[in-house]
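The values are calculated or read from the model by the stated rules, or taken from the named source; none is laboratory data. Bear in mind the structure is a predicted one, so any value in this text is a computation, not a measurement. Reconstructed Cβ throughout: ideal geometry from the backbone, glycine too, with neighbour counts over all protein chains shown. Note: areas computed on protein heavy atoms with side chains; ligands, DNA, RNA excluded. Shrake-Rupley method; radii C 1.70, N 1.55, O 1.52, S 1.80 Å.
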Amino acid sequence: MSEDFGTIILKGNRFNGQDFEKKVPGLTCLSGSQVGRRIMLANDRITLGRSPEATILLRDALVSRLHLAVDFNPEQGAYGIRDLGSSNGTFLNGVRITEAILKDSDKILIGNTILRFGWSDVFDLQYQAEIDNLMNIDELTGLIVKRRFDEELNRYIAVSLSRGAELAMIMIDIDGVKQINDTHGHPFGAYTIAQTGKLIKAVTEHRGLASRFGGDEFMVFIPDADPEAAQQIAEMIRLQVEAHPFEMEGIALRPTVSIGVSNLKAGDTMPSLFKRADDGLYMSKRTGRNRVSVVP
């Protein structure tokens, strides 16, 4: 029996009509605070560093404030990198460089951060999107995981403090999940948490970023929101949960949420901002639940 090891042509399947020739350039973080992140490139310049002014902010103590620039070189039709006078240097495939043209699969090292340059087709991008979801999205609620939330919050705190901009922190706890679990079982509690997460996302997704903190607690930050705006958004979340028809297997559930709100002040860090919002949350719990409390 002979076997044909020639070209296999696939017909009538999901590959038909796909543009295999179209490639999209990008950088993938292989290590460091942004591990797993895909940075898509266009015909413009981006910078990487620890400064809030960098296009991509890296929380890496060995990275300079403005460490590296990546831009398109029209004369060569390729992407290039240029060290911006960094303290610890830029390394391309293990060799320290000042500037260089990038080739597919090149590895760039700055500080403790490794980036891979590459060209991706439609299936690469779909695969990377799936991996990104697995790494960064909480399956129960659809919100980003705490690790990514913390990275983004740290970045926005740095940017807001440097520019004198507002930023609000909101902490949320579902009232009555223990009673729901004890009365109806844990699947009902999980349903309540999932639905609450979706309601929080619906209110905040065009305003800021939300994450499940753990168990039945959530956290949100809202850039450019002054105390009045932050309190209004928190109240919108509270009202949405209070009015939502939580029902599973014909059983009506009546959860509410207690919320704490705080706004960024000069000298704040993520822990100090978080603590004031958390203090507000516990104030809401102590004073009757299903309410919003603000701690300046």
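Only one of the numbered conditions (1) in contact (Cβ under 8 Å) with a residue 24 or more places away in the chain; (2) within 15 Å of the chain's Cα centre (by Cα) is violated by ALA158, and that is (2).
Only residues that are within 12 Å of SER293 (Cα to Cα) and polar (S, T, N, Q) were counted in the stretch 251-262, giving 2. Residue count for the stretch 285-296 under the criterion of being more than 16 Å from ALA168 (Cβ to Cβ) and either under 26 Å from the mean Cα position of the chain (by Cα) or among the small types (Gly, Ala, Ser) (or both): the result is 1.
Just the residues that are more than 22 Å from GLN240 (Cβ to Cβ) and either open to solvent by less than 30 Å² (accessible area, probe 1.4 Å) or among the basic types (Lys, Arg) (or both), please, taken from the stretch 270-293. Of everything in the stretch 270-293, those that are more than 22 Å from GLN240 (Cβ to Cβ) and either open to solvent by less than 30 Å² (accessible area, probe 1.4 Å) or among the basic types (Lys, Arg) (or both) turn out to be LEU273, LYS275, ARG276, ARG286.
Is it the case that the stretch 24-39 has a residue that's surrounded by fewer than 15 Cβ atoms within 10 Å (Cβ to Cβ) and farther than 19 Å from LYS107 by Cβ? So far as the stretch 24-39 goes, no, none of its residues is surrounded by fewer than 15 Cβ atoms within 10 Å (Cβ to Cβ) and farther than 19 Å from LYS107 by Cβ. Taken together, the residues in the stretch 193-207 that are over 20 Å from LEU253 (Cα atoms) and open to solvent by less than 20 Å² (accessible area, probe 1.4 Å) amount to 2.
If you go through the stretch 218-243 and keep only what is more than 19 Å from GLY164 (Cα to Cα) and open to solvent by 10 Å² or more (accessible area, probe 1.4 Å), you end up with GLN231, GLN232, ILE233, GLU235, MET236, ARG238, LEU239, GLN240, GLU242, ALA243. The lone criterion from (1) out of contact with any Asp or Glu (no Cβ under 7 Å at 6 or more places or on another chain); (2) over 19 Å from GLU205 (Cα atoms) left unmet by THR256 is number (1).
Just one of the numbered conditions (1) open to solvent by 50 Å² or more (accessible area, probe 1.4 Å); (2) at pLDDT 90 or above; (3) in a loop (DSSP other than H, G, I, E, B) is not true of VAL63: (1). Those helices (runs of 4 or more DSSP H) of the stretch 164-245 in which at least 3 residues are of a type in the set (Ser, Thr, Tyr), considering only elements entirely within it, cover 186-204. Of the listed requirements (1) exposed (fewer than 12 other Cβ atoms within 10 Å of the Cβ); (2) at pLDDT below 95, ARG96 misses just one: (2).
Please work out which residue is most open to solvent (accessible area, probe 1.4 Å), limiting yourself to the stretch 66-80 and to residues that are within 21 Å of ARG155 (Cβ to Cβ) and without any contact (Cβ under 8 Å) to a residue 40 or more places away in the chain. Result: LEU66.
Can you name every residue in the stretch 99-110 that is of a type outside the set (Asp, Glu) and open to solvent by less than 20 Å² (accessible area, probe 1.4 Å)? Once the filter is applied, which keeps residues that are of a type outside the set (Asp, Glu) and open to solvent by less than 20 Å² (accessible area, probe 1.4 Å), the stretch 99-110 yields LEU102, ILE108, ILE110.
Any residue in the stretch 208-235 that's farther than 16 Å from THR141 by Cβ: show its pairings with residues that are among the acidic types (Asp, Glu) and at pLDDT below 95 at Cβ separation under 8 Å, as long as the two are six or more apart or on different chains. Every condition considered, the pairs that remain are PHE221/GLU152.
Within the stretch 244-260, residues that are open to solvent by less than 10 Å² (accessible area, probe 1.4 Å) and at pLDDT 95 or above have Cβ atoms under 7 Å from residues that are in a loop (DSSP other than H, G, I, E, B) and among the small types (Gly, Ala, Ser) in these pairs: PRO255/GLY176, counting only partners at least 6 apart in sequence or on another chain.
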